[in-house]
Amino acid sequence: MKTILKPIFEWLVDQLMLFENPIHNWILAVVIGIIAFVVAWNFVGRRYRDGSIRGRTPGSILHWTIRILVVIVLYFFVAAAIWLIKFVLSIPWWGWLIVLGVLLGIAIAAIILHRRTIHVEANSEKGGK
C-alpha cells in the first residue's frame, strides 16, 4: 500500500502552500511531515502492540491514512493561525485601545455588580436572623 498512498501523500503536501516563499513552504512541510509521521508511527505502533491489527498491509494503510489526515488538519490550523495574525495586525493600534477600553469597562461593571450582589445577600442574611 505504500506504493499507492505515499505518492498521494507527497502530491497532497506539494499542493499545500501557505507562503509565497518556497523555502518557507518547504520548512513548514518538513515540520508538519515530521509531526504527522510521529503521530502515525506511535498510533499504529500501539495498535500492533495491543493486537488490534496484524500484518503489514493494514498497518501501512492505517499509517498513511493517519499521516494524510494529520497533515490536512495541521495545515488547516497553521492557515487559521496565519489568518488570525494577519487580521490582528491589520487593525490599527487605536482600534485595539477601544476594544481594550470596552473590555475593561465590562470587567469593572461585572466586578461591581458581583460585589453588590454579595453585599446585598450578606445584609439580607443578617437582617433575617
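The values are calculated or read from the model by the stated rules, or taken from the named source; none is laboratory data. As the structure is a computational prediction, the values presented were derived from the model and not from experiment. Heads up, the Cβs are rebuilt from the backbone with ideal geometry, glycines too, and the neighbour counts pull from every protein chain shown.
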Can you spot a residue in the range 96-115 that is over 22 Å from Glu10 (Cα atoms), aromatic (Phe, Trp, Tyr) and modelled with pLDDT under 90?
yes
Close pairs from the range 81-105: first under 21 Å from Leu28 (Cα atoms), partner surrounded by 10 or more Cβ atoms within 10 Å (Cβ to Cβ), Cβ under 8 Å, at least 6 apart:
Ile82/Leu18
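Would you mind stating whether Val38 is at pLDDT 90 or above and either among the basic types (Lys, Arg) or surrounded by 12 or more Cβ atoms within 10 Å (Cβ to Cβ) (or both)?
yes
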Touching a residue at least 40 places away in the same chain (Cβ under 8 Å) and either hydrophobic (A, V, I, L, M, F, W, C) or in a helix (DSSP H, G or I) (or both): which single residue out of Ile53, Ile61 fits that description?
Ile61
Restricting attention to the range 19-35, which residues are surrounded by 15 or more Cβ atoms within 10 Å (Cβ to Cβ) and either closer than 21 Å to His63 by Cβ or not polar (S, T, N, Q) (or both)?
Leu28, Ala29, Ile32, Gly33
